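Input: a single structure, listed below in C-alpha cells.
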Amino acid sequence: MKKDALVRSFRPRHFFLPILLLFVGSNVRSTTRAPKRTPDPNGCVAEFESQISSDYNNAAAWFGAGACEFTRHDYNAAVDDYVQAIRIKPDYVDAHLNAGIAYEHLERWDMAEKAFENVILYQPHSVIGHERLGLARIHKEDYRGAVKALREGYKGGGQNNEQINFLLGTAYLGLRDRDRALESLRALREIHSSLANTLANLISAASSPEISDNK
C-alpha cells in the first residue's frame with residue numbers, strides 16, 4: 001500500500017500546534033452484510049468479489065477488496081471489508097492495521113485507537129502499531145497515553161524511526177514538556193530527518209510561559 005502524506009491540525013487544550021500526519025499502508029462487528037460499493041472501472045474489487053462469492057469466509061479476499069477500496073479513497077467501504085476479514089480471522093493483524101489507517105482518513109480517532117490497540121494485542125512488538133496508536137491518542141488529546149504508546153514503539157526498535165521521534169516530540173509539547181520535546185528534536189537531527197525542522201518550528205511556536213523551559 002502506498003504512503004499518503006496529508007497535513008492536518010489539532011488544538012491542544014492550551015495552545016495551537018499544526019501536526020504533520022504521515023499515512024502508511026476496531027471494534028470488530030459480527031455481521032454478514034455485504035458493503036455497498038462505488039463503481040469499479042478497473043475491476044480491482046470485482047476480482048476479489050468473485051472469490052468472496054465462491055467462499056464468503058475467505059478472509060484474504062475481503063482484505064484484498066478492502067485494499068482496493070482504500071486505493072480508491074472509499075475509506076468507509078474499505079473499513080467494512082477489513083471488518084469482514086477480522087470477523088473471519090480475529091487475529092488478522094494487517095486487517096486491524098489497515099482498518100485503523102482507514103479510520104484515520106475518516107478522522108474517526110476512537111475507532112482508529114481501538115484498531116491499533118488490536119494490532120498490539122496480537123503483535124505486541126509492532127513498531128508501526130505503537131506509532132499509529134500514539135498518533136490516534138494525540139488527536140484525542142490523550143498525550144500521556146500517546147507518550148506511553150510511542151515509548152513502547154521506541155523501545156521495540158523505533159529509535160531511528162522518524163515518525164515516532166516526531167510524534168513523541170509533539171506529544172511532549174501537548175504535555176507542556178519542552179525539555180523532552182527538545183530531546184526528540186535532537187534525536188531527529190541525529191538521524192538527519194527532514195521532520196527535524198518541522199518539530200523545531202512547532203517547539204518555537206508553542207513556546208509560552210505555560211510550557212516548561214529549563215534550558
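The values are calculated or read from the model by the stated rules, or taken from the named source; none is laboratory data. This structure is a prediction, so every number in the text was calculated from the model and none was measured. Glycine also receives a Cβ, built like all others from the backbone with ideal geometry; neighbour counts cover every protein chain displayed.
Things worth noting here:
- When each of VAL119, VAL79, VAL83 is tested for being in a helix (DSSP H, G or I), in contact with a Lys or Arg (Cβ under 6 Å, 6 or more places away or on another chain), surrounded by 21 or more Cβ atoms within 10 Å (Cβ to Cβ) and β-branched (Val, Ile, Thr), the lone residue that passes is VAL83.
- Within the stretch 26-48, one or more residues are under 25 Å from ARG137 (Cα atoms), of a type in the set (Lys, Arg), surrounded by fewer than 18 Cβ atoms within 10 Å (Cβ to Cβ) and modelled with pLDDT under 95.
- Here GLY156, GLY145 are screened, and the one residue that is assigned to a helix (DSSP H, G or I) and touching a Ser or Thr at 6+ places or on another chain (Cβ under 8 Å) is GLY156.
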